[in-house]
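Structure, as structure tokens:
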Amino acid sequence: MKVIVIEYLHHLILDSMDEFLELLEGVFSNKTQAQCHPTRYAHIWVTYKKISKNRYYGEQAYNYMKNRPYLQYVIDIVEDNGTFRTKNHEIIKTPERYCNGANVEEITDEHLRFREHCDLVFRKVGPKRYQGGTEGCKCYVDWGGKQTYIINQIRLDEKELHILDTGKDVNTNQRVWGSEWGYLEFVRQ
């Protein structure tokens, strides 16, 4: 009986992994939010494109600069005790070749540098709903010459991706960058 229960739980985790990966892949925009509150939110596009089984290319770009994303990365998604961990890699070789998800099949490990302490951990919180974020205060980001750490919170479901990034000063823990008005609310396109 114990073996059957373990196999069943393993099957549920694999089904959840497939569901999570399916929900993650896509193109998202916060156009409605930006149009409703133009002084609070910029219009941003977020893209996740599959490279291989559990590896995805990600980018974020302002609407007026879609061909010059301000953030490009690769994530490897692994199951970790019933949660899903996205292992974050910076693209260090020719990131411009991958804008808008082009040529991502060419990305290899030698194009990447692992970002220590910048994993995001997601948990299933409902039917086709996941919630996650950073763990701890050691994911460092240089912001205009100031050392900050990022606190990241994400919600993902069938229709939307909500992201709240906050950069805090490593010495004072005061907010340095990020939304003052709450989550960026992206809708699947």
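Within the range 173-189, the set of residues being part of a loop (DSSP other than H, G, I, E, B) and not hydrophobic (A, V, I, L, M, F, W, C) comprises Asn173, Gln174, Ser179, Glu180, Gly182, Tyr183, Gln189.
In summary, Cys118 fulfils each of the numbered conditions (1) crowded, with 18+ Cβ neighbours inside 10 Å; (2) outside any strand (DSSP E or B); (3) touching a residue at least 40 places away in the same chain (Cβ under 8 Å) with the single exception of condition (3).
Taking the criterion of being outside any strand (DSSP E or B), within 27 Å of Arg113 (Cα to Cα) and at pLDDT 95 or above, the residues of the range 19-62 that qualify are Phe20, Leu21, Glu22, Leu23, Leu24, Glu25, Asn54. When each of Ile51, Ile77, Ile92 is tested for being open to solvent by 60 Å² or more (accessible area, probe 1.4 Å) and of a type in the set (Val, Ile, Thr), the lone residue that passes is Ile92.
In this structure, does Gly133 turn out to be modelled with pLDDT under 95 and either of a type outside the set (A, V, I, L, M) or farther than 20 Å from Tyr41 by Cβ (or both)? Answer is no for this residue. The number of residues in the range 145-168 being outside any strand (DSSP E or B) and either surrounded by 17 or more Cβ atoms within 10 Å (Cβ to Cβ) or not basic (Lys, Arg) (or both) comes to 2. Residue check: Lys128 meets all listed conditions (1) at pLDDT 95 or above; (2) closer than 20 Å to Phe114 by Cα; (3) more than 16 Å from the chain's Cα centre (by Cα); (4) not polar (S, T, N, Q) but one, namely (2). Going by the conditions given, is Arg129 out of contact with any helix residue (DSSP H, G or I) (no Cβ under 8 Å at 6 or more places or on another chain) and over 19 Å from Glu185 (Cα atoms)? Considered against the rule, which asks whether it is out of contact with any helix residue (DSSP H, G or I) (no Cβ under 8 Å at 6 or more places or on another chain) and over 19 Å from Glu185 (Cα atoms), Arg129 comes out as no.
When Phe84 is tested against (1) in contact (Cβ under 8 Å) with a residue 40 or more places away in the chain; (2) open to solvent by 70 Å² or more (accessible area, probe 1.4 Å), just one condition goes unmet, and that condition is (2). Could you give me the residue pairs with C-beta distances under 8 Å whose first residue belongs to the range 95-106 and is touching a residue at least 40 places away in the same chain (Cβ under 8 Å), whose second residue is open to solvent by 80 Å² or more (accessible area, probe 1.4 Å) and among the polar types (S, T, N, Q) wherever it lies, and which are 6+ apart or on separate chains? That search, which allows pairs on different chains as well, returns Cys99/Asn67; Asn100/Asn67. Among the residues of the range 123-144, those that are open to solvent by 60 Å² or more (accessible area, probe 1.4 Å) and in a loop (DSSP other than H, G, I, E, B) comprise Pro127, Lys128, Glu135, Cys137, Lys138, Gly144.
Can we say Lys31 is surrounded by 15 or more Cβ atoms within 10 Å (Cβ to Cβ), touching a residue at least 60 places away in the same chain (Cβ under 8 Å) and either of a type in the set (Lys, Arg) or farther than 22 Å from Gly126 by Cα (or both)?
Working: surrounded by 15 or more Cβ atoms within 10 Å (Cβ to Cβ): yes; touching a residue at least 60 places away in the same chain (Cβ under 8 Å): yes; either of a type in the set (Lys, Arg) or farther than 22 Å from Gly126 by Cα (or both): yes.
Considered against the rule, which asks whether it is surrounded by 15 or more Cβ atoms within 10 Å (Cβ to Cβ), touching a residue at least 60 places away in the same chain (Cβ under 8 Å) and either of a type in the set (Lys, Arg) or farther than 22 Å from Gly126 by Cα (or both), Lys31 comes out as yes.
The values are calculated or read from the model by the stated rules, or taken from the named source; none is laboratory data. Keep in mind that what you see is a predicted model, and the values were worked out from it rather than measured. Cβ coordinates were reconstructed from backbone atoms using ideal geometry, including for glycine residues, and neighbour counts include every protein chain displayed. When the accessible area is computed, the model is the full protein with side chains, heavy atoms only, and any ligands, DNA or RNA have been set aside. Shrake-Rupley method; radii C 1.70, N 1.55, O 1.52, S 1.80 Å.
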